[in-house]
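K.L.:
Mind having a look at this structure? Questions to follow.
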Amino acid sequence: QVQLIESGGGLVQPGGSLRLSCVAVGGVFRLYNIDWFRQAPEKQREWVAGITNGHTPTYGDSVKGRFTISRDDNQSTVYLQMDDLKIEDTAVYYCKGVGMSKAYWGQGTQVTVSS
């Protein structure tokens, strides 16, 4: 069983930055592809960014150029560096791990961008 734990959310002003972390407990982390999703109130869950087990990053159009995803397999952690945050980035952010034919979700961390 794999447990994913997100942290790093909070309240930030527009234009500010936050770094989210997704730590995996259990499993063989280096084998997993990890994605970040977000869900704003009354909206569907949206894919934000992903990183493969080969360390290849991909980004959604709405965050491209502002967010950076990275991973440290030694620390079983994926990071989402979020810069130039906008009000529309406000959401609960979730990480998802996929590997060995299974998928796991974290509990989410709240990001609020407000002046």
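K.L.:
Among 54, 115, 79, whose Cα projects farthest towards the positive end of the dipole of the chain, with charges put on the beta-carbon of Lys, Arg (+1) and Asp, Glu (-1)?
P.N.:
Highest projection toward the positive end goes to 54.
K.L.:
Note down the magnitude of the dipole of the chain about its Cα centre, charges +1 on Lys and Arg C-beta and -1 on Asp and Glu C-beta and zero elsewhere, to the nearest 20 debye.
P.N.:
220 debye
K.L.:
Which whole-number value in Å² is the accessible area per residue of the chain, probe 1.4 Å?
P.N.:
Heavy-atom accessible area per residue stands at 53 Å².
K.L.:
Report the relative contact order of the chain, percent, no decimals, based on alpha-carbon pairs under 8 angstrom and at least 6 residues apart.
P.N.:
Relative CO of the chain lands at 37 percent.
K.L.:
In addition: Under 16 Å from the 7 Å Cα→Cβ point of residue 86, by amide nitrogen: which residues of the stretch 29-59?
P.N.:
38-40, 46-49, 59
K.L.:
Pop out the ³J(HN,Hα) list for the stretch 45-61 in order, Karplus 6.51 cos²θ - 1.76 cosθ + 1.60 with θ = phi - 60°, rounded to Hz; leave Gly and Pro as x.
P.N.:
5, 10, 6, 10, 6, x, 9, 7, 5, x, 6, 8, x, 9, 9, x, 4
K.L.:
Please list 109-115, 28-34 highest first by mean number of surrounding beta-carbon atoms within 10 Å per residue.
P.N.:
Per-residue Cβ counts within 10 Å, averaged per peptide and sorted highest first, yield 28-34, 109-115.
The values are calculated or read from the model by the stated rules, or taken from the named source; none is laboratory data. As the structure is a computational prediction, the values presented were derived from the model and not from experiment. Because the Cβ atoms are built from the backbone with ideal geometry, glycine has one as well, and the counts that use them run over all protein chains shown. Note: areas computed on protein heavy atoms with side chains; ligands, DNA, RNA excluded. Shrake-Rupley method; radii C 1.70, N 1.55, O 1.52, S 1.80 Å.
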